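See structure below.
The values are calculated or read from the model by the stated rules, or taken from the named source; none is laboratory data. What you see is a predicted model, and the numbers here were worked out from it, not measured in a lab. Please note: Cβ atoms are built from the backbone with ideal geometry, for glycine as well, and neighbour counts cover all protein chains shown.
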C-alpha cells in the first residue's frame, strides 16, 4: 500500500558552505513601530555566514518575495532567514520562494519578531534587542540546516462517507461523478436524513418531495456509489490516502451488529480501502423535556417545530378536532440558552418559523399567528425578503421570549375534572413584550416550540473512532474556522453538514461540495506530500525498548523488523519529537529539529 | 441618591444580558407591580447613574429566583435586586417594618424580636425530648459532645404558634425513626437567608460568621432544617464543608425509602386518611434547589392519601410571596396576592388539603384560604403534619 517516491528537491545533499540572506520585515507598522528594523538588519549583516541582510515593508508581498529570489540568484544564497510573523502564517510562502530558486525548502528559517516580540512589548530599545537575539538564534540554526527530501505517498482512490442525509448524498455524487468509488454508510433503513422529515424549504417554499426523492434516486442509481443502509463504521485504521474502514450492520439498539451472525442486519460486514473519509453525521433535535417550564410534556397542543412539519405535510392543524384560532411560535427553544448547555444559535429556526407561520396563515386565514422572538436572524440569501413577506401576510412578531407556558383551568374547553391534563384547551404563554415593557399572558390554541439543533448524543463514538476534536459547543471542530472550514485536525478526514455546526440546506450543500472537492484533491493527484521534518531511527543504536511506541500519539513507531528495532512510519509521524526526547539510547533523530540545531539556537540566545 | 452603575454592572456581570425578557416574563410579581427586572438591567447597562430611591418596587421581589432559573445567559437578575436593596439599606431608607425585623434579628436573633430565652417554647410538652436533644449540642465546641444529626429549628417554627406544631411533629418523627438529633437550643439564631435577600449584607455576614462557628463546633455530620429558606442558605452560602445540609423532606424520603420509617397499614381502628392532597412546591426547595421528587415521595407513601397535581407545579410553581423579606414588607400591591390565586388553583384540583413544606408558604396560603372563603373546602398543612398524623399511635386505645 505505502510506496514512498523519493525526490530530492533543490540542492544536492552535499556539504555546503552557508551563504545566508536575512530579511527583516516591517509588517507595515506591526513590527516597525516597536522594533528598530533597520538597526537589527544592520546587526544581522555582521553575523557569521550572513552574506546579505535587508529590511522591507512587507516581506510576504510580491516585491518582498522578489527581493529574496533576486538575492538568491545574485549572491548564490543557500539559506534564507525571514524575521517576520509566526511560521504558522508564512513559512509555506517563503519555503516556496526558496524552492522556486533551487534552494531546498527546509533551508528556510523564520524568526518570529511579531507575535513573540513587537506585539507583546512596548519598550522599543529592549524589543529591538530581543528581535536581534531572535534573529541571531535563527541564523545559528540556519547555518546548521540540512536539505530534506520531499516525500510523497500513493493514495487509494475512493471515499467513505458517514451519513446518508443531504450532506452525505451530495458528497457521494460529487465523488462518484469524478469516476472514483463513493461508499455511503447510513444507519437508518433509507437515505434522506433529517430533510426527509420536512415539508417545504425556505425561502423558495419548494416542497421537499420535489427535492429529496430525485436526489436519493440519483445516488442510488449511480454506478460509482455503493450505499450501505442500516450500517455503521465500526473500525478505522490508516492515514490520509490509505484508510482501512470496516463497515458493520447497525442494530435497533444502536450498536454494530454486523459481526454477529445471529443479527437481523441487512448489511454484511465489509472492509473498504479508501483515500479519504467524510463525516456527515448530522445533528440531534433539542428535546424540550429539558425546558419543563414550557409544558411540552403536559399539553398535547404544545408541539415542536418538527412535529409541525409533520402536521403541515398531512395538512392537518386541528387541535381536538377544531381549527386553532390562535397559533403561537416560541423561538430559541434549546438555542442561545446556556442553561441547557446550548449557547449557540441554531441558525435555521428564525427562517423555518417564518416559513411555518406563513404556511399557517395560508391554511388558516382567520387565525391569529404570533411569533415570540428575541432577535430575528434572517441572514441568508433571500432571508430578509422572506421575513418581510411573512409580516406582510399578517404574521405578528412580538419581541420577548416566552418564560413559561401553563393552562388556566377555568379556560374554555377544559372541564373542571380532577385529571390535570384532560383535553387540549388553550394554553397561556407567559412572557414580557419587551418593546412595550409589559408582562403579558397570551392565550393560544396551538403552540410551536422552535427547537434548535445540537450535536448527536453519540457523537463521541465517531470522535473516538476517527480521533476528531470537538469544539466547545460539542460539534466537530474544523481545522480553521475561516481558512480550513471542511478540514479536520486529522489529514484526509473532512466534515460536511450539521455535524460541524447548525446550518440550513443551502449551506449544507455548499459545505458538502467543498468537502468533496477537498477530499478529491489528493485522490486525483494520486499521491500526498508527507512532512519531511519527521523522526528517524538509527537502527544501530536502537535497543528495541519500545518506549517510543508508548509515547507516540500517532502510532508511528513499530518494533516489527527482524532485528526487533524501532521503525517510524514517516507518513504517520507528525514531527512532535516526543520519541526523540524519550529514547534512552538517543537513537531517534528529529529531522529539522536536531540536537545540534536546537542547541546552536539556545547558544545564540544566551551569549 | 444616585448610584454609579458601572461597578455593580461589572461585579454582577450584567453585560451578558440580551434583553430577552424571560426574567420579567416569568416574574410572578411583575404582572401586579411595576417591578421589571429586564428594564432595571437595561438601565444599569446604558445609564451612568441610577436613582435607586425611585424604585420602591424593589421591595416587591420575593427572591423566588424564577428569573435566575430562566435566564438563558446565566445573568442573575435577582442578585441585582438584592444589591440595589443593599444600597437602600446602607443609607437607612428601608420600609419601617423591615427595619424592625432586621433589628429583631440583630438584638434577639429572630425577626419577630421575641426574647432569645423563649426560643425553645416551641417544644412545649416535649421537654424531655428537647432536653435530650439540647444536651447533645448545648456543649457545642467540646469534642466529647459530638452529635451525628443537628436539627436547626428556625425562627418561625420556634416562635410562631401556627408553625410550632410542625417542629414538634418533626422532633417526634425523628424519635420514631430512632434518630438522636441535637439542637442549638437558645443559642440558635436566624440563619440570615432573608437578611441577605433584604440587602443587609453586613448583618448577614455577621450571622454567617457566628452561626457558622457554632455549627462547625457541634461537628454534626448532617444538618436538617424545617424551612427551605434556612436549608438554602446553609447549603449554598455558609461553606459548611463536610456537613450534609438537608431539608427535612429529603431526610424523611430517605428514611422511608430505606424502610427506617414505615406507616401503619390502614385497619379498622385506623381507617386511614382518605385525603386528596395537592402539593405546592416552595420556591426555595423546588426552583432554587431542584427538590421536587422527595416531598411527593413522602406524600405517596402515606396510606390512604391521594396526590393530585396542580397545573403549575415543580419548575412552574407559583410563588406564595412569602420569601425575600416579603413576610415583613407588604410591597406595592396589597390587593392582588399571588397566594389568593394559588389557593384557587389548589381548590380547582378538587383536593381537600394543600400540602406545603415551608413555614412561609404555610402562613401565606392558610391566610389566603381564609380570605378567599375556602376554609370549608381546603385546609393547608405542612407535609410534616400529615406524616405525624399518619404515624400517630392508635387514636382510640
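Here are A:338, A:390, A:328: which of them is within 14 Å of chain B (Cβ to nearest Cβ) and over 22 Å from residue A:454 (Cβ atoms)?
Details: A:338 fails: over 22 Å from residue A:454 (Cβ atoms); A:390 fails: within 14 Å of chain B (Cβ to nearest Cβ).
Of A:338, A:390, A:328, the one residue that is within 14 Å of chain B (Cβ to nearest Cβ) and over 22 Å from residue A:454 (Cβ atoms) is A:328.
Just checking, does the stretch A:235-248 include any residue being closer than 22 Å to residue A:353 by Cα and at pLDDT 95 or above? Before the answer, list the steps.
Just the residues of the stretch A:235-248 that are closer than 22 Å to residue A:353 by Cα, to begin with: none.
Checked the stretch A:235-248: no residue is closer than 22 Å to residue A:353 by Cα and at pLDDT 95 or above.
If we keep just the residues of the stretch B:300-345 that are free of Cβ contacts under 8 Å to residues at least 40 places away in the same chain, in a loop (DSSP other than H, G, I, E, B) and within 14 Å of chain A (Cβ to nearest Cβ), which is farthest from the chain's Cα centre (by Cα)?
Here the residue is B:311.
Among residues belonging to the stretch A:90-119 that are in contact with a helix residue (DSSP H, G or I) (Cβ under 8 Å, 6 or more places away or on another chain) and loosely packed, with under 15 Cβ neighbours inside 10 Å, point out the one that is nearest to residue A:134 (Cα to Cα). First the steps, then the outcome.
Of the residues in the stretch A:90-119, the ones in contact with a helix residue (DSSP H, G or I) (Cβ under 8 Å, 6 or more places away or on another chain) are A:93-113, A:116-118.
Adding the requirement that they be loosely packed, with under 15 Cβ neighbours inside 10 Å leaves A:96, A:100, A:102.
Details: A:96: 23, A:100: 26, A:102: 26 Å.
Filtering the stretch A:90-119 for residues that are in contact with a helix residue (DSSP H, G or I) (Cβ under 8 Å, 6 or more places away or on another chain) and loosely packed, with under 15 Cβ neighbours inside 10 Å, the one nearest to residue A:134 (Cα to Cα) comes out as A:96.
Looking at residue A:168, is it assigned to a loop (DSSP other than H, G, I, E, B) and farther than 30 Å from residue A:591 by Cβ? Full working, then the answer.
Details: assigned to a loop (DSSP other than H, G, I, E, B): no; farther than 30 Å from residue A:591 by Cβ: yes.
No, not satisfied.
Quick check on residue A:176: is it surrounded by 15 or more Cβ atoms within 10 Å (Cβ to Cβ), in a helix (DSSP H, G or I) and either at pLDDT 95 or above or in contact with a helix residue (DSSP H, G or I) (Cβ under 7 Å, 6 or more places away or on another chain) (or both)? Break it down stepwise before answering.
Details: surrounded by 15 or more Cβ atoms within 10 Å (Cβ to Cβ): yes; in a helix (DSSP H, G or I): yes; either at pLDDT 95 or above or in contact with a helix residue (DSSP H, G or I) (Cβ under 7 Å, 6 or more places away or on another chain) (or both): yes.
Here the answer is yes, as residue A:176 does meet what is asked.
How about the stretch A:120-137: which of its residues are exposed (fewer than 15 other Cβ atoms within 10 Å of the Cβ) and touching a residue at least 60 places away in the same chain (Cβ under 8 Å)? Break it down into steps so the answer makes sense when it comes.
Within the stretch A:120-137, the first condition is being exposed (fewer than 15 other Cβ atoms within 10 Å of the Cβ), and the residues that meet it are A:120, A:122-126.
Once the filter is applied, which keeps residues that are exposed (fewer than 15 other Cβ atoms within 10 Å of the Cβ) and touching a residue at least 60 places away in the same chain (Cβ under 8 Å), the stretch A:120-137 yields A:122, A:124.
Can you tell me how many residues within the stretch A:308-336 are touching a residue at least 24 places away in the same chain (Cβ under 8 Å) and not in a strand (DSSP E or B)?
Step one: filter the stretch A:308-336 for residues touching a residue at least 24 places away in the same chain (Cβ under 8 Å), giving A:308-310, A:312-313, A:315, A:317, A:319-320, A:322-336.
Next cut, not in a strand (DSSP E or B) only: A:308-310, A:312-313, A:315, A:317, A:320, A:323-325, A:334-336.
Of the residues in that region, 14 qualify.
Just need a number here: residues in the stretch B:1-32 that are more than 17 Å from residue A:435 (Cβ to Cβ), at pLDDT 95 or above and part of a loop (DSSP other than H, G, I, E, B).
5
Taking only the stretch B:29-55 into account, find how many residues are more than 14 Å from chain A (Cβ to nearest Cβ), surrounded by 14 or more Cβ atoms within 10 Å (Cβ to Cβ) and within 31 Å of the chain's Cα centre (by Cα).
4
Residues that are away from chain A (no Cβ under 14 Å), under 24 Å from residue B:208 (Cα atoms) and touching a helix residue (DSSP H, G or I) at 6+ places or on another chain (Cβ under 7 Å): does the stretch B:2-10 have at least one? Quick ask: steps written out before the conclusion?
Applying the first criterion (away from chain A (no Cβ under 14 Å)) to the stretch B:2-10 yields B:2-10.
Among the residues that remain, those that are also under 24 Å from residue B:208 (Cα atoms) are: B:8.
Going one step further and asking which of them are touching a helix residue (DSSP H, G or I) at 6+ places or on another chain (Cβ under 7 Å), we end up with B:8.
There is at least one residue in the stretch B:2-10 that is away from chain A (no Cβ under 14 Å), under 24 Å from residue B:208 (Cα atoms) and touching a helix residue (DSSP H, G or I) at 6+ places or on another chain (Cβ under 7 Å).
Quick test for you: out of B:162, B:235, B:172, B:168, pick the one residue that is under 17 Å from the mean Cα position of the chain (by Cα), assigned to a helix (DSSP H, G or I) and outside the structural domain of residue B:357 (by TED's automatic domain parsing). Please lay out each step first, then the result.
On the way: B:162 fails: assigned to a helix (DSSP H, G or I); B:172 fails: under 17 Å from the mean Cα position of the chain (by Cα); B:168 fails: under 17 Å from the mean Cα position of the chain (by Cα).
Going through B:162, B:235, B:172, B:168 in turn, the sole match is B:235.
Which numbered condition in (1) in a loop (DSSP other than H, G, I, E, B); (2) in contact with a helix residue (DSSP H, G or I) (Cβ under 7 Å, 6 or more places away or on another chain) is the only one that residue B:245 fails?
Of (1) in a loop (DSSP other than H, G, I, E, B); (2) in contact with a helix residue (DSSP H, G or I) (Cβ under 7 Å, 6 or more places away or on another chain), only one is false for residue B:245: (1).
Checking the conditions here, which among A:358, A:339, A:322 is within 23 Å of residue A:386 (Cα to Cα) and out of contact with any strand residue (DSSP E or B) (no Cβ under 7 Å at 6 or more places or on another chain)?
On the way: A:339 fails: within 23 Å of residue A:386 (Cα to Cα); A:322 fails: within 23 Å of residue A:386 (Cα to Cα).
Checking each option against the conditions leaves just A:358.
Of everything in the stretch A:379-396, what is within 19 Å of residue A:345 (Cα to Cα) and surrounded by 18 or more Cβ atoms within 10 Å (Cβ to Cβ)? Give them in sequence order.
Within the stretch A:379-396, the subset within 19 Å of residue A:345 (Cα to Cα) is A:379-381, A:383-384, A:387.
Passing the criteria: A:380, A:383, A:387.
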